[in-house]
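Novice: Sharing a structure with you now.
The values are calculated or read from the model by the stated rules, or taken from the named source; none is laboratory data. Source: prediction; values computed, not measured. Every residue, glycine among them, receives a Cβ derived from its backbone with ideal geometry; neighbour counts consider all protein chains shown. These accessible areas exclude ligands, DNA and RNA; they are computed on the full protein's heavy atoms, side chains included. Shrake-Rupley method; radii C 1.70, N 1.55, O 1.52, S 1.80 Å.
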Amino acid sequence: MKSIAIVYISVLFLLFVDFSSGVLNPNQATAISNLKTEYSQTWDLSNICLSNPVDIVCDSTETVIVELVITFTGSYTLSNSIYALVNLTSLTLPNSMAIPNSIWNSLNSLPFLNTLKIDFINTTLPSDLGSFFPNSLTKFIVSRSSQQFPTTLFTNTKLKSVSIGASNFEDYVNYPSSIPSPSLVEEITVTNYGSFNMVGTNFNNLKKIDITHKLQQITYDSYHTFTALEILVMTISSIPSLPPSQFPNSLFNLTNLRSLTITDQTLMVGPPVLDFSRLPYLNLIYLSGLGGVLSNIVYPGIIISPRVLNKVDLSIYYANIYPSKFNWSVYKTVSLASDTFEDALPEQDYSNIDNFYIVNNYDKPLPNALCQVKNGITVSNTAITTVPDCFICDWGGSTNVFLNNLNLPVYVQVCPSFSITNNTRLIDTAGGTMIIDGVNLGYVVYKSNGDPFGNQKVLIGNSKLTMEIPSGTGKGYAQLAKFHYAANNSVPFLALNYAYYPPLPNAFQATGVKSVNIVGKYFGDNAALVDVMVAGEDVTLTSVSQTSIELPDGVVHYTKDLVLSVRVTVNTQETLKVITPHGYNPLMNSPLPVLYSTGGLVEFSGQYLTYDTTIMNMTVNGLLFSNNITDSTSTVLIIKYDPIPSGSYNFVYNQNGYQLIDTITVKDPPSSGSPCKGTPVCGGPQQGQCINSHCECLNGWLGEQCDSKPTVIPPPLEPDTQQPNFNTSTEEIALHVSIQSIRELSFDGTQLREQPIEQWKFSQNSTDEKKRYTYEATLFTNCKIQVTVDYFLKDSIVSFAGQNSTKLAGSIKYSAKITDWPFTQKTNQLQLIFSSIIQDQSSSSSSCSYKAIEYEDNQIKDSIKKVNIQVNGNTFSTEFSGLAVIDGINRKIKNSLVPTSEEDTNTQSTSLVGITTPYHNEYIIIDPDFSLLVSYVPPEDKEGSVCSTSKSKLTTAELAGIIVASAVVGLVIIATIIYFTLSKNLKAKLLLYSIKSKVTMK
């Protein structure tokens, strides 16, 4: 059974395997045999695919025919045998073959046909001709025809190339005057005897027209209607006895034209200048003949678009020209051949031309300026008698070609005028280009061994050359070079001196909290050759590249807005630079802080400050004050200072050209008063100082007792689009800010009315600095309120009421503007009430809250400056300005707590503050800020905190006091018991006395 199965499978295999490779398909072989007989062809049928290379082409397997050419042998009709050749891609039919309309119906039986060539069609064509063409057919050629082809040929086919009537002997209308719908045709070939009048509407893909005008005065001038046209080939062979034709002006408006070829065998006339300036893609102009145009041209002859300056190849053949009337400097290459030259080439700027060719007939002097052509010139078969010196300098070289100029003398290479006037002296450390300027330099720079340098260029022939210099650092280098070596290998070498650019540090690039890279250029790549000094201190390096120097961690105090002096030395070349950030504008804030006669720490604030004492100094009464900076950022300098007698002193701050001169006050510390809060007081000397019973925080610490650091308020997932509320949360807390109401108060603060705000209009926008939410509402007729809520994405300097302040990334600023409030009396006031809430997300019974209020004057406690509401380790801080902008004037205002029935709980604290402003005529603007702090002292350790009833109300300090007191009392009791016990015996008494004596002595 197994052997039978194997046999069966083998038979199936034999049935399905094709052994016909290299053997022509029988049906196609029969068709070819029939066609040979019917059309009397001379084909060799012994090996159809190989023996008839001109007329028959098979595919690579030699099993099917893909190309067929039937040649003229007599008059025949089209044979149906052709349709058996179903693999045809190209079919050519002779002029002797009658083409019946039935051919169109059968074309789809040739599904691979790509090219159809028909020599002659004289039968009427169906109007729906295009519908019969297979989609594979893209090229259609009819050499001669007396028929007009329908528009469907262009609109209902996939044709890309169409040529109709190119070999006509007389005038026939072959092309329609227009087509009604878009065409895919990309190329047409036309012979025009006068009747061609097609316009380019709907020829959206037509890129090339090849048109020949014959035997008539040219009137066709609609080229500009073919808006996609890129290549135009025009041949004019009209009868010379006819009046001359006018140069077609529509050529000047072919805005997509790239190549223009005109061959004119008549005396066409034209404008005095051929203005192609509106052709921004033109790159080839070929003009042959055009005697009537070019001989009457005036300077500059031909105008090209500025976009293609020195990108156009210009050829002028068989023309009468005046070379002096052309501006040759605008072309890439120029070819002048077999022209009649009415005058000499002018002395112009030829430095932007790559190649210049002069062939036949020229017998005038060559201008010296031709030496500037970049790749040399070719002059052949002319009658010139001499050449400029630059060509003699390179005579025998391969750049310039002088061939069969029989009137020239025999030259040998000599160049007494050769000289180098300058060369590039500074080279990029990564390697760069040396430019060599001189006289009669030639075109190539050679190494001392005679090999050309690589990657060299000719900028201006004979006078400006380039060569590449390898990477390196330092100075005192020389490159040996030779010139005209190909013409004379005995020329001496010359030394071209150069150095590498010194280092150029430009900026700092932060790589860590206290680490940066120096970025710039010309650093080289060898760390052993690089030394760096930052802020006057030598620094070790981690690595070096051409554009970056990597420094180790801890080199700088901070990275944001860093201002420091940097000295970089690379292979003995040194650069000292003060690197400043973008937007650098140093400012020391005024008024200055108060100093205390006992000495201590003081914090100066500003923007773009520096700790680099090589570019900054601070003096008090002429004595250096900046020599002990304990900590710093770009906005804060903390300085430790020695005792100074109280009084007022001259203060000067200098920083890299910026100077502040002011007066600084030194006071004696306050004698007594309410103690500052905190254990230790104000967080200790590194965090704050107690001044006038108020903690003045240092080193970025914030809060009532300097126990908090700023952190980021999370941005809201979605802004509130109904009213100007800000709501956000973390896993631990939820935060809320809102405007509760607007009230009008009497002069003594009595509420007269409260205005609800409805129907807010919301908008938003974002920059790389902040997100802004804007709310607008109408309160009364002509009275409006606009509220902007800014969420800062990065630290920003903000100005309000004439004062600058820094808003940290992740903080919020509200700005409210009220216009034209209808006060009932001019003595009344306006109050805007802000609410802020912090809430524990977990609602834990172990949570505590705390509220601290700071005033503009903590003794008077009249106007609130800051409210801090704390839940557990997070504090929501609101800061109120003591100023408002009222009718364009900065005026004092009052911020006060508003009574509320809502009590703080252990999980939530609320702040309700009214901002009260005086009467205004036009508008008021107020500007509170909100930020989130991380507090390192918990609420339960602060007096006045709110905790749950199950949690002790005693603070840690109070508990510590009780524990210490209890311990002391316990020790007294124990000592008393011991005393009475020991006093009952002598030895004990002596021991007790001994102890008492020692204690007394101390």
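Novice: May I ask you to compute the full-extension gain from Thr30 to Thr255, defined as 0.36 nm times their residue separation minus their alpha-carbon distance, rounded to one decimal in nm?
Specialist: That works out to 75.6 nm of additional length.
Novice: Could you tell me what percent of the DSSP beta bridges with both partners in the chain are antiparallel, to the nearest 5?
Specialist: 70 percent
Novice: Related question: When the helices in the chain are scored as -39500 (n - 2.57) per DSSP H run of 4 or longer and the sum is shared across all residues, what 222 nm value do you end up with, to the nearest 500 deg cm²/dmol?
Specialist: The helix-only estimate for the chain comes to -3000 deg cm²/dmol at 222 nm.
Novice: In addition: For Gln686 and His582 in one chain, what is 0.36 nm times their gap in residues minus the Cα-Cα distance, to one decimal in nm?
Specialist: Here the answer is 34.3 nm.
Novice: Let me ask you something else. Under the Karplus relation 6.51 cos²θ - 1.76 cosθ + 1.60, θ = phi - 60°, what is the ordered set of whole-Hz ³J(HN,Hα) values for region 675-680, x standing for Gly and Pro?
Specialist: With coefficients 6.51, -1.76 and 1.60, one gets x, 6, 8, x, 10, x Hz.
Novice: A follow-up question, please. Rounded to the nearest 20 debye, what is the charge dipole size of region 291-348 about its Cα centre when +1 sits on each Lys and Arg Cβ and -1 on each Asp and Glu Cβ?
Specialist: 320 debye
Novice: List the residues, sorted by chain then number, that are 5 or more residues from Asn174 or on another chain and whose placed amide H is less than 5 Å from its amide H.
Specialist: none
Novice: Using R₀ = 60 Å, calculate the FRET efficiency as 1/(1 + (r/R₀)^6) where r is the Cβ-Cβ separation of Thr679 and Ile889; round to 0.05. Present the calculation step by step, with values, prior to reporting the outcome.
Specialist: On the way: r = 45 Å, r/R0 = 0.75.
After rounding to 0.05, the efficiency reads 0.85.
Novice: Residue by residue through region 693-708, which ³J(HN,Hα) values in whole Hz follow from phi under the Karplus form 6.51 cos²θ - 1.76 cosθ + 1.60 (θ = phi - 60°), with glycine and proline marked x?
Specialist: Calculated HN-Hα couplings, in order: 6, 9, 6, 9, 7, 10, 6, x, 6, 9, x, 4, 10, 6, 10, 10 Hz.
Novice: Please determine, in degrees from 0 to 90 and to the nearest 10, the orientation of helix 2-16 with respect to the longest principal axis defined by the Cα atoms of the chain, where the helix direction is its Cα long axis.
Specialist: Value to nearest ten degrees: 60.
Novice: Straight distance only, please: which aspartates and glutamates reach the Cα of Lys826 with their own Cα at less than 15 Å, same-chain residues fewer than 8 apart left out?
Specialist: In chain and number order, the partners are Glu744, Asp748, Asp887, Glu922.
Novice: Kindly point out, ordered by number, any Cys in the chain whose beta-carbon has no other cysteine beta-carbon under 4.7 Å away.
Specialist: Cys783
Novice: Moving on. If you take the beta carbon distance between Asp720 and Gln509 as r and set R0 to 51 Å, what does 1/(1 + (r/R0)^6) give as a FRET efficiency, to the nearest 0.05?
Specialist: 0.85
Novice: Please state, to two decimals, what the Cα-based radius of gyration of region 699-809 comes to when divided by 2.2 N^0.38 Å (N = residues).
Specialist: Region 699-809 yields a ratio of 1.31.
Novice: Where does helix 956-982 land angle-wise versus the long Cα axis of the chain, in degrees 0 to 90, nearest 10?
Specialist: So the helix axis and the longest Cα principal axis differ by about 40 degrees.
Novice: To continue, here is another question. If I take R0 = 45 Å and measure r between the Cβ atoms of Val412 and Tyr299 in this structure, what FRET efficiency does the formula 1/(1 + (r/R0)^6) give, to the nearest 0.05?
Specialist: 0.70
Novice: Could you work out the mean projected area of the convex hull around the alpha carbons of region 504-579, in square nanometres to one decimal?
Specialist: 4.1 nm²
Novice: Counting Lys and Arg as +1 and Asp and Glu as -1, each charge on the Cβ, what is the dipole of region 504-579 about the Cα centre in debye, to the nearest 20?
Specialist: 220 debye
Novice: Here's another thing I want to ask about it. Using a cut-off of 17 Å between alpha-carbon atoms, which lysines can reach Lys667, once sequence neighbours fewer than 8 places away in the same chain are excluded?
Specialist: Cross-link targets: Lys640.
Novice: Work out from phi, with θ = phi - 60° and the Karplus expression 6.51 cos²θ - 1.76 cosθ + 1.60, the ³J(HN,Hα) of each residue of region 305-311, listed in order in whole Hz, and give x for Gly and Pro.
Specialist: Going residue by residue, I get 5, x, 5, 10, 4, 6, 10 Hz, with x marking Gly and Pro.
Novice: Sticking with this one: Quickly rank 493-500, 820-827, 786-793 as a protection proxy: mean count of other C-beta atoms within 10 Å, highest first.
Specialist: In descending order of packing, they fall as 786-793, 493-500, 820-827.
Novice: Taking the Cα centre as origin and putting +1 on Lys and Arg beta-carbons and -1 on Asp and Glu beta-carbons, what dipole magnitude results for the chain, to the nearest 20 debye? Present the calculation step by step, with values, prior to reporting the outcome.
Specialist: Details: 61 positive and 80 negative charges, 432 e Å.
Approximately 2080 debye in magnitude.
Novice: Then there is this: Once the principal axes of the Cα atoms of region 587-667 are found, what is the range along each, listed largest first in whole angstroms?
Specialist: Largest first, region 587-667 extends 30, 23, 20 Å along its Cα principal axes.
Novice: Right, here's the next one. Cα extents of region 625-670 along the three principal axes, largest first, in whole Å?
Specialist: Reported extents, whole Å, longest axis first: 34, 23, 17.
Novice: Note down the accessible area of Lys784, probe 1.4 Å, to the nearest 10 Å².
Specialist: 120 Å²
Novice: To make sure I understand the rule: partners must be lysines, Cα under 28 Å from the Cα of Lys207, and not fewer than 8 residues away in the same chain. Which ones qualify?
Specialist: Excluding near neighbours in sequence, the set is Lys117, Lys139, Lys158, Lys160, Lys311, Lys332.
Novice: Can you give the log10 of the normalised intensity I(q)/I(0) at q = 0.19, 0.22 Å⁻¹, computed with Debye over equal Cα scatterers of region 62-200?
Specialist: For region 62-200, the Cα-only Debye profile gives -1.17, -1.56.
Novice: Right, next: Would you work out which of Leu113, Val69, Gln148 lies farthest towards the positive end of the dipole of the chain? Charges go on Cβ: Lys and Arg +1, Asp and Glu -1.
Specialist: So the residue we want is Leu113.
Novice: Next question, about the same structure. Select from Gly524, Ser846, Tyr443 the residue farthest towards the positive end of the dipole of the chain; place +1 on Cβ of Lys and Arg, -1 on Cβ of Asp and Glu, and compute about the Cα centre.
Specialist: Result: Ser846.
Novice: Could you give me D for region 707-947, from Stokes-Einstein at 4 °C and 1.567 mPa s, where the hydrodynamic radius is the Kirkwood radius over C-alpha pairs? Units µm² s⁻¹, please. Let's see the in-between values first.
Specialist: Working: Rh = 18.6 Å.
Stokes-Einstein gives a translational diffusion coefficient of 70 µm²/s.
Novice: What pairs from Lys709/Lys865; Lys464/Lys577; Lys770/Lys817 go past 30 Å between their alpha carbons?
Specialist: On the way: Lys709/Lys865 18 Å; Lys464/Lys577 35 Å; Lys770/Lys817 20 Å.
Flagged as over cut-off: Lys464/Lys577.
Novice: Follow-up. Give the angle, between 0 and 90 degrees and rounded to the nearest 10, that separates the Cα long axis of helix 26-39 from the longest principal axis of the Cα atoms of the chain.
Specialist: 40 degrees
Novice: In µm²/s, what is D for region 25-98 at 37 °C and 0.692 mPa s, where D = kT/(6 pi eta Rh) by Stokes-Einstein and Rh is the Kirkwood radius from Cα pairs?
Specialist: 268 µm²/s
Novice: Show me the trypsin sites (Lys or Arg not before Pro) within region 558-587 that DSSP assigns to loop and that have at most 14 other Cβ atoms within 10 Å of their Cβ. The partial results should precede the final answer.
Specialist: Numbers: sites: Lys560, Arg567, Lys577; in loops: Lys560.
Here the sparse-neighbourhood loop sites are Lys560.
Novice: Kirkwood hydrodynamic radius, region 374-485, all distinct C-alpha pairs: what's the number in Å?
Specialist: Working: mean 1/r = 0.0651 Å⁻¹.
After inverting the mean inverse Cα-Cα distance, the result is 15.4 Å.
Novice: Just one of (1) -0.95, -1.06; (2) -0.72, -1.19; (3) -0.73, -1.03 is log10 I(q)/I(0) by the Debye sum over Cα atoms at q = 0.07, 0.09 Å⁻¹ calculated from these coordinates, so which is it?
Specialist: (1)
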